Amino acid sequence: MASAWLCGAESEEIMKPYRQLKKQELEQLRGELEQKYEEAKSLGLKLDMSRGKPSADQLDLSMGMMDVLHSGVDLNDSEGIDCRNYGVLDGVKEAKQLLADMSEVSPDKMIIYGNSSLNVMYDTVSRAMTHGIMGHTPWCKLDKVKFLCPVPGYDRHFSITEYFGIEMICVPMTPEGPDMDLVEKLVSSDDSIKGIWCVPKYSNPQGITYSDETVHRFARLKPAAPDFRIFWDNAYCVHHLYDDDQDFLIEILEECEKAGNPDLVYKFCSTSKISFPGSGVACIATSPNNLKDIKLQLTIQTIGHDKVNQLRHVRFFQDIDGIHEHMRKHAAILRPKFEAVLDTLEQELGGLEIGSWIRPKGGYFISFDALEGCARRIVEKCREAGVVMTEAGATYPYHQDPKDSNIRIAPSFPTPEDLAKACGIFVLCVKLVSAEKLLEEMV
């Protein structure tokens, strides 16, 4: 995988941890790395690893969906409802069954929406701001509204809460999920805390799946605010990279019911990275009380979402087994890309102690932690050499990573050839910026 400019020019000392190098050795290393970097810049590359977008090969997997509906087919659902017309607020029966099976819940806990779960999450926060949750005071009328944000986390979650002026409080991620000691302490003691963002399976960006104990503790939370909700964004519920080595996540709604907290969770999901990202089907699953509350607003907002698209997805996938088989095809495209990036990180940075990363079993991202104070400079260097990365700091609220160390790597969109070049530039920039940082510390 390593590109040509990575090989052969550096002195043998780079195999040591960089902090063990003497100043003269670091200066020599920096000079060699700068020469390689100038060579990389001269290639005039234009590569993009900034977003977790499916590649064209992945999108091609769903092209058959364009053929299942045409002017000669029956467009009635299983209950005889004409999907071309108005009506059916919460989604056609078979679409609810399909997404309920994907979400591991009963269809009667489900509302089907349009193409984007992000839009559903935005609507859910907006509704709470203007009209409150289940009769409680609208958040816009409160002096202070706060949200807990596991970090590093999903930048678009943080953008929603920032847009509505909600104060965001960082909660560190652990290998088991969010720091639950801190979550429990904050939620139970502050009634201005109204929610927490969660990507519980193959988290964005680290690829961590919440442990059984973490899910149990979420279900047993005792919030000071009666309108506190867990925003459970199960975006990667079927996005495994391996058939024989997959993470397992306990179903949160069932656990909340067992714990006597049935209304605690809004669970979101979509087919955005299963079928077409711009033309998928999204849903929310939650308790009967929450569903009733949501539908009060939904009946004003819409007469019903796109039932033709719902029917198209059902006709194409058929059932949950069809989705699982489809996702194996996605994995066959994604897995080599993830392994190539991870292998390059290990081959080029392993043992140098200038970065760390997690090897995920699913999802769409690889999380890289550089030396403190280096992330923004690494991303800037990459951009100058023609590789666009996710903005440093984006995985934290307000784009403020206190250590300036986390970088999100998105391997999905580039071709394998472009990915090899992008990874080569990335590790080169990590080495160069790290050497510069350590030399600055010696002054």
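Only the coordinates and a few stated rules stand behind these numbers; no lab work does. Here the structure is a predicted model, which means the values were calculated and not measured. Cβ sites come from the backbone with ideal geometry, for glycine too, and all protein chains shown count toward neighbours.
Remark: spin-label model distance residue 156-residue 20 equals 4.4 nm, labels positioned 7 Å along the Cα→Cβ axis. Relative to the Cα centre, the charge distribution of the chain, modelled as +1 at Lys and Arg Cβ and -1 at Asp and Glu Cβ, gives a dipole magnitude of about 940 debye.
Working note: Karplus 6.51/-1.76/1.60 with θ = phi - 60° gives the range 384-400 the couplings 5, 8, x, 10, 8, 10, 4, 3, 4, x, 5, 7, 10, x, 6, 6, 10 Hz, where Gly and Pro are set to x. Once backbone amide H atoms are built at 1.01 Å from N, residue 145 has 167 as its partners under 5 Å, excluding neighbours fewer than 5 places away on the same chain.
Coupling constants for the range 42-50 follow from the phi torsions by the Karplus curve (6.51 cos²θ - 1.76 cosθ + 1.60, θ = phi - 60°), and in residue order they are 5, 6, x, 6, 9, 10, 10, 10, 8 Hz; glycine and proline get x. Across the range 78-87, rounded Karplus estimates of 3J(HN,Hα) from the backbone phi angles (6.51 cos²θ - 1.76 cosθ + 1.60, θ = phi - 60°) give 5, 9, x, 7, 6, 6, 7, 10, 5, x Hz, Gly and Pro being marked x.
Kirkwood's formula applied to the C-alpha pairs of the range 287-397 gives a hydrodynamic radius of 18.7 angstrom.
Which FRET efficiency value, to the nearest 0.05, do you get for residue 59 and residue 318 by plugging their Cβ-Cβ distance into 1/(1 + (r/R0)^6) with R0 = 25 Å? Plugging the Cβ-Cβ distance into 1/(1 + (r/R0)^6) gives 0.80. Listed by chain and number, the aspartates and glutamates whose C-alpha is less than 12 Å from the C-alpha of residue 337, apart from same-chain residues fewer than 8 away, are 417, 418. Highest mean packing comes first when the peptides 178-185, 83-90 are listed by Cβ atoms within 10 Å, giving 178-185, 83-90.
Farthest towards the positive end of the charge dipole of the range 320-443, among the residues 388, 433, 402, is the Cα of 388, using unit charges on the Cβ of Lys, Arg, Asp and Glu.
Between residue 300 and residue 388, the modelled label-to-label distance comes to 3.9 nm, taking each label 7 Å out from Cα in the direction of the beta carbon. Using alpha carbons only, the radius of gyration of the range 33-175 set against its Kirkwood radius gives Rg/Rh = 1.10.
A straight Cα-to-Cα reach below 15 Å connects residue 194 with the aspartates and glutamates 143, 162, 167, 184, 227, 263, residues fewer than 8 places away in its own chain not being considered. Could you tell me which of rounded, prolate or oblate describes the range 240-311, using a ≥ b ≥ c as the square roots of the eigenvalues of the alpha-carbon gyration tensor, with rounded for a/c under 1.5 and, failing that, prolate when a/b is larger than b/c and oblate otherwise? Oblate. Solvent-free Debye calculation, one equal scatterer per alpha-carbon of the chain: log10 I(q)/I(0) at 0.10, 0.12, 0.13, 0.14 Å⁻¹ equals -0.76, -1.02, -1.15, -1.27. Pull out a ≥ b ≥ c, the square roots of the eigenvalues of the alpha-carbon gyration tensor of the range 115-270, then state rounded if a/c is under 1.5, prolate if not and a/b is larger than b/c, and oblate in the remaining case. Because a/c hits 1.5 or more and a/b exceeds b/c, the range 115-270 counts as prolate.
Here the calculated FRET efficiency for residue 48 and residue 242, from their Cβ-Cβ distance with R0 = 41 Å, stands at 0.95, rounded to the nearest 0.05. Among the listed pairs 222/403; 267/307; 267/403, which have their C-alpha atoms separated by more than 25 angstrom in this model? Exceeds cut-off: 222/403; 267/403.
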